[in-house]
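Read the structure below first, then the notes.
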Amino acid sequence: MSIPGSELLALLLLLVSGLCPAYRTGFDADACESLCPVPGCPTNTSAKDAGPKLSDRGFPLSGSFQFSPKMRRTTPFRVNLTSQLAVNALMVLFRDASDDSEARSPQGFFVDWSDSLKPVACEQGPPNALTNKDLSEKDHLWFTWMPPDTAEINVVLRGTFVVGDEYWYNVNIGGDFAVDEFPVSMEGCGDTKSCVTLSRTRAKCDKASRCDLSLTYALGSDNRSLDITMGGVAPVTGHYIALGFTDDPIMLKNTHIFACTRTHDLATVQYFSLQDLDSTPVETDQVFGAPSFEQDGERIWCRFLTPTFVPGHDLTLPRYQVYLWGEANVTSQSIKIAPPYMVSKTPIKVGVPIYSRLTRNAATTRTASWIMALATALLARILVA
């Protein structure tokens, strides 16, 4: 098997300088903790030490990395490296920036990478580090990395780079990354907060980015406010996703609805009262605390605080929850309520954390059952009349 000229030249140079042959095909998992490329790192600076020497100049690649503008949970974060200085060997990983110990575990995992790289499974985990495949010169490389699904994401990208006969050890490549609040973390679901995920098209909805509706809420310590975040698919201006509370799971009498509606630029949250399925939802003025909104492609996100005591309704009492989606009525500026939608099987108390995953099969069954119940109710009306 022939070796390309650039790799052969780099290999000869590095072997002459005494580089450990193991790094010809990249770092192994033993280097995950220290990121050391050679024995004795980082004190091997004298001429008698074997291997490349710890560089006494500043890291020359600091300005050569480009990062995605923001990190977002469940969305791969891309990093590019383009430099006139070619790298022969390297190892990179993300670590918790709030932990100063060298032994801190890698965070997240790598999703994809350029052909000159290969993954390393540190601590027998997923591919949570990357290293070189060979010793060829690399002046351009890229990778994408999935952030951890934690409430707070505070990470730093660290790495070791070997260029010719010198190396830079465990350097800080990037940190203080901007992190988008959406989608919110699912950490603590069913424990410290309630979460509901719903998919109309998939048999499995395991990530907020794959769900048609993703909902989290938590009751304030004083029981007077409810912190609600909802997001999902609403590809066109006027499309909405919504959460309703009702005592009537069939006709939705006296239902109170919080709707997250897509606008031209972002989204907005509206509060509606629904008398029953035969009526049109009526928007009611409601002051929402700390509202925030975002569009992400065909998805929208709304986060807000609402009082638990709204006119004629106490959200702290057990209620059926209604999960809705659809579009607004252009004429009335109200939302259209029509099947399919989903209703919780039992009344839910917002102060008791739950984690509910609703899928395509469940949606089909539930919608059919409510349509049957609705038809029965309508037939009863006709017979009475």
**Item:** Hits in segment 38-82 (condition: at pLDDT 95 or above and among the small types (G, A, S))
**Value:** S64, S68
**Prompt:** Taking only pairs six or more apart or across chains, which ones have beta-carbon atoms under 7 Å, a first residue in segment 70-93 that is charged (D, E, K, R), and a second residue that is assigned to a loop (DSSP other than H, G, I, E, B) and at pLDDT below 95?
**Reply:** K70/A178; K70/D180; R72/D180; R73/D149; R73/P183; R73/S185
**Request:** Among residues belonging to segment 63-102 that are assigned to a loop (DSSP other than H, G, I, E, B) and crowded, with 20+ Cβ neighbours inside 10 Å, point out the one that is farthest from the chain's Cα centre (by Cα).
**Result:** N88
**Prompt:** Would you pick out the residues in segment 305-328 that are touching a strand residue (DSSP E or B) at 6+ places or on another chain (Cβ under 6 Å), assigned to a loop (DSSP other than H, G, I, E, B) and small (G, A, S)?
**Reply:** none
**Request:** Identify, by number, the condition in (1) small (G, A, S); (2) closer than 16 Å to G26 by Cα; (3) in contact with a Gly (Cβ under 6 Å, 6 or more places away or on another chain) that A97 doesn't meet.
**Result:** (2)
**Prompt:** Checking D248 against (1) assigned to a loop (DSSP other than H, G, I, E, B); (2) crowded, with 21+ Cβ neighbours inside 10 Å; (3) modelled with pLDDT of 95 or more, which test does it fail?
**Reply:** (2)
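Among the residues of segment 329-340, what is the count of those that are surrounded by 19 or more Cβ atoms within 10 Å (Cβ to Cβ) and in contact with a strand residue (DSSP E or B) (Cβ under 6 Å, 6 or more places away or on another chain)?
We begin by selecting, within segment 329-340, every residue surrounded by 19 or more Cβ atoms within 10 Å (Cβ to Cβ); these are 335, 337.
Right, trim to in contact with a strand residue (DSSP E or B) (Cβ under 6 Å, 6 or more places away or on another chain) and you get 335.
Of the residues in that region, 1 qualify.
Just to be sure I understand, how many residues within segment 341-385 are modelled with pLDDT under 75, among the β-branched types (V, I, T) and surrounded by 13 or more Cβ atoms within 10 Å (Cβ to Cβ)?
Initially, segment 341-385 is screened for residues modelled with pLDDT under 75, giving 359-385.
Filter again for among the β-branched types (V, I, T), leaving 359, 364-365, 367, 371, 376, 382, 384.
Narrowing further to those that are surrounded by 13 or more Cβ atoms within 10 Å (Cβ to Cβ): 359, 367.
Of the residues in segment 341-385, 2 are modelled with pLDDT under 75, among the β-branched types (V, I, T) and surrounded by 13 or more Cβ atoms within 10 Å (Cβ to Cβ).
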**Request:** Kindly provide the set of residues from segment 284-328 that are buried (at least 16 other Cβ atoms within 10 Å of the Cβ) and charged (D, E, K, R), ordered by number.
**Result:** E294, R299, R303, R319, E327
**Item:** Matching entry among S64, S105 (being free of Cβ contacts under 8 Å to residues at least 24 places away in the same chain, within 30 Å of G231 (Cβ to Cβ) and of a type outside the set (D, E))
**Value:** S105
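So that you can scan it fast, the table gives a plain yes or no per residue for (1) farther than 24 Å from K345 by Cβ; (2) under 18 Å from the mean Cα position of the chain (by Cα):
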position	(1), (2)
T201	no, no
C211	no, yes
Y217	no, yes
R224	yes, no
P235	yes, no
Y240	no, no
L243	no, no
T246	no, no
P249	no, no
**Item:** Within segment 204-225, considering residues that are surrounded by fewer than 20 Cβ atoms within 10 Å (Cβ to Cβ) and not small (G, A, S), the one nearest to T308 (Cα to Cα)
**Value:** R224
**Complete:** Going through (1) outside the structural domain of K118 (by TED's automatic domain parsing); (2) of a type outside the set (A, V, I, L, M); (3) under 12 Å from T74 (Cα atoms) one by one, W145 fails only at (1)
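Can you name every residue in segment 155-179 that is outside any strand (DSSP E or B) and either at pLDDT below 95 or among the acidic types (D, E) (or both)? Break it down into steps so the answer makes sense when it comes.
Here is the first cut: in segment 155-179, the ones outside any strand (DSSP E or B) are 164-165, 175-178.
Those that are outside any strand (DSSP E or B) and either at pLDDT below 95 or among the acidic types (D, E) (or both): G164, D165, G175, D176, A178.
In segment 227-250, what residues are of a type outside the set (V, I, T) and either under 18 Å from G312 (Cβ atoms) or in contact with a helix residue (DSSP H, G or I) (Cβ under 7 Å, 6 or more places away or on another chain) (or both)? So that I can check it myself, show each step before the final result.
So the first thing to find is which residues in segment 227-250 are of a type outside the set (V, I, T), and the list is 227, 230-232, 234-235, 238-240, 242-245, 247-249.
Answer for segment 227-250, where residues must be of a type outside the set (V, I, T) and either under 18 Å from G312 (Cβ atoms) or in contact with a helix residue (DSSP H, G or I) (Cβ under 7 Å, 6 or more places away or on another chain) (or both): G231, L243, G244, F245, D247, D248.
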**Evaluation of T144 against (1) assigned to a strand (DSSP E or B); (2) polar (S, T, N, Q); (3) surrounded by 17 or more Cβ atoms within 10 Å (Cβ to Cβ) (one fails), failing number** = (3)
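The values are calculated or read from the model by the stated rules, or taken from the named source; none is laboratory data. Only a predicted model underlies this, so the values are computations on that prediction, with no experimental measurement involved. Don't worry about glycine lacking a Cβ; one is built from the backbone with ideal geometry, like all the others, and counts go over all protein chains shown.
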